[in-house]
1. I'm checking my understanding of the structure. Among residues of the stretch 380-395 that are among the charged types (D, E, K, R) and at pLDDT 70 or above, which one is surrounded by the fewest Cβ atoms within 10 Å (Cβ to Cβ)?
2. Based on this model, can you work out whether Asn632 counts as modelled with pLDDT of 75 or more and either among the basic types (Lys, Arg) or surrounded by fewer than 22 Cβ atoms within 10 Å (Cβ to Cβ) (or both)?
3. Among the residues of the stretch 224-243, write down those that are of a type outside the set (D, E, K, R) and at pLDDT 85 or above.
4. Mind checking which pairs have a first residue in the stretch 494-514 that is surrounded by 14 or more Cβ atoms within 10 Å (Cβ to Cβ) and a second that is assigned to a loop (DSSP other than H, G, I, E, B) and at pLDDT 70 or above, Cβ under 8 Å, 6 or more apart or different chains?
5. Considering each residue of the stretch 220-255, count those that are closer than 21 Å to Ser291 by Cα and touching a Leu at 6+ places or on another chain (Cβ under 9 Å), and give that number.
6. Just checking, which of Asn138, Asn149, Asn52 is within 37 Å of the chain's Cα centre (by Cα), outside the structural domain of Arg473 (by TED's automatic domain parsing), modelled with pLDDT of 80 or more and of a type outside the set (Phe, Trp, Tyr)?
7. Only one of Glu477, Glu518, Glu485 is at pLDDT 70 or above and among the acidic types (Asp, Glu). Can you tell me which?
8. Within the stretch 396-409, does at least one residue satisfy the condition of being over 21 Å from Glu330 (Cβ atoms), modelled with pLDDT under 80, in a loop (DSSP other than H, G, I, E, B) and acidic (Asp, Glu)?
Amino acid sequence: MTARAEALSPRRLMLLTGLLVGAIAVLFFGKIREEAEARRFETALLVERAANDCAAAANVALMTGDPVRKSLDACAPRGEGAVFHVSPTGDILAAAGSAGGVDVEPADARTLDLARRGLSTIALKSGKAVVAWRPLDNGEAVLVVAPRNDIYGRTPVSLFYLFVLAAISIAVASLMAAFIRQSRAASIASEAVEALKTTNAAMAAGRTGMWTYDPKERSVTMTRSILEAIGLGGRDRTFSMREITALVHAEDLRNTLAVLTGDTSGITETTTRLRQPAGGWTRVYFRTSASATRFQRAGSAFDLTGSKSQAPTAAIAEARLKDAIESIPEAFILWDGQGKLAAWNRRFATIFRLESKDVRAGLTPGELARMTPAGGEVIEKYFAPDALIDEQSVEVELPKDRWLHIARRRTGEGGLVCIASNATDTKRRARAQKKKERELEATVSDLQSSRRELSDTMRNYELEKRRAEDASRSKSEFLANMSHELRTPLNAINGFSEIMKSELFGPLGDEKYREYVEDILSSGQHLLELIDDILDMSRIEAGKLQIEPKRVELERLLDECARLVAKRASDAGVKLTSSIAHAPAAFADPRAVKQVALNLLSNAIKFTPENGAVTLTIEADLDAVTLIVADNGCGISKGNLARLGAPFELIEDHFSKTRRGSGLGLALSKSLMEIQGGILAIASQEGRGTVACATFPRRRDARVRLPQFVRAEAHILTAPDDISPHIEAAE
């Protein structure tokens, strides 16, 4: 009992629980610091990016004469950040964004070197802030400021982790308490079962048994231990009153029935003669409690065979002593004053693997040790009466990693009594606990190492991400600048070509010159279209394209698009059919809708052979309206459909090789549909034609979807969930 209680010590469980919660707390503390640092790093990146964008937008505004304040409103960072336009002397000329979140004064701006680009952390009246500044072409500067810890002003990370840690602590404590209660209950149940087994074994060894009386059935049930002793069977058995009458001697019947059934009050014990199967009689002592009633009656029975001259009370006392010794859950052994074996129990014989029939009273310690298959030296050293008792309580190791806890005392006559309990489980649990503690320490060390490695990886990732974004932004700015530079000479080339073609200042002369002028004008116009597409793509990628979603009358706008491409269709020998009467209005940007429609119609005409047909139709539902452009041209294979929509991607075949194109038409249409919350999809069969669908919402925040007839076959280039986070709609 003591060993089991120590194995389930609440202190040890509380210590393990504390170590576990402490390890989790250490991990959470590291995570809090890591996420706080990530927020500060994110704030610095956003502030520096906004400073670059706002400086570029302000320079453009200064060149075009637009108000700088309007350009700052478009590029101001989200959250609690703000952007300021300051003079060379530090005076604040304009501000945009959440200026209330940060309090910047002219004195703060004057502390910065505004003539050079910079990023720093400064102390404001509202607290520490991250500031990035960029000089403008006219000597002024743009400042972007945000709170140092978090530009979005989110709830501190520590609150969430403290709440999670508290929940984990409560859960672990509850589990530990339940485990302790369950362990104690299991220990008590195990001891009860062990005691019951020991009691039954002791009763069988002492030729003793139990009996119970059932008043309803008027029957008596006796246990196997007494029935075996008197030769009436090898299992528990129930006797009726008729069978009891046949078994009991006639002279003893009245008292026996009085004890068993309570018919005659006042009799609680009697000695009875029972008939043996082979003839003759056996003497049995029946006893019940003085408080037993006729409706609840039970008792014990003792076999008195071979003790005819012994008084019943002496037999009962000896039986009770044997029962008491056998009921002890620990191993028990008693030596008399002459060093001879006096008493023992089955638990002792089981531990040392002794045969019960070989063990008898009067054996010496040496004889008992020689009978032991394993552990005889332990008996002579710790259980023998002549052993040195320096310690009255010792722990002894047995073969096969077994342990005993032995308590020893001298008797009054000079003998020795020893009680040994099994300490194997306690030892094993102690070793297992130490092993788990070492494993837990190793786990905590591994987690700390993993956290450090993860932190290094995250820093490297952020650095590489920043480099990639800078490279992409530089590419977009380069394309935008180069497109502007190329447009100017091309406009001049196209203008002079048109003048020469119209022969405004006189005839050109040779007919070849007129053909050359037409080729120059056609090539210049095509190159200008290509540059315009590149400029639009660079604006989208740089995040500088603004849209103005509003109610658009599609019927008027699409009629205009059809008229614009009608001559091109006529020159290519393609029949253009427009069925857009009574088209409902859409919620979109008119310029973007027109550009998407022109791109789809131009592609259809371009890839439709002579004598082919192109149709423009409209289909609408309650949430969306779909522009459908269908042709019976060369079509696109399924393998090439997945390549559509990428910039400069051209699908080459025997027909398309004769057509000129930049590969930006569908890419531009895809990007324009994304920023408007629409869907662009294409369904095509090679050799049969293509159907292109552009679906626009009919109202703000409407959820759009493709028409039913094309939904199963269409390849969706974009969807509303793919809206680019770099484009802001100016509504």
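1. Kept after step one, since they are among the charged types (D, E, K, R), are these residues of the stretch 380-395: 380-381, 386, 390-391, 395.
Filter once more, keeping what is at pLDDT 70 or above: 380-381, 386, 395.
Details: Glu380: 17, Lys381: 14, Asp386: 9, Glu395: 12.
Within the stretch 380-395, the match that is surrounded by the fewest Cβ atoms within 10 Å (Cβ to Cβ) is Asp386.
2. Yes; evaluated as a whole, the condition is true for this residue.
3. Thr238, Phe239, Ser240, Met241
4. From the stretch 494-514, the pairs are Met500/Leu508; Arg514/Leu508.
5. Qualifying residue count for the region: 2.
6. Numbers: Asn138 fails: within 37 Å of the chain's Cα centre (by Cα); Asn52 fails: within 37 Å of the chain's Cα centre (by Cα).
Matching residue, one of Asn138, Asn149, Asn52: Asn149.
7. Of Glu477, Glu518, Glu485, the one residue that is at pLDDT 70 or above and among the acidic types (Asp, Glu) is Glu518.
8. To start, the set of residues in the stretch 396-409 that are over 21 Å from Glu330 (Cβ atoms) comprises none.
No, the stretch 396-409 has no match at all.
The values are calculated or read from the model by the stated rules, or taken from the named source; none is laboratory data. Worth saying up front: this structure is predicted, and the values here are computed from it rather than measured. Note: ideal-geometry Cβ built from the backbone for every residue, glycine included; neighbour counts use all protein chains shown.
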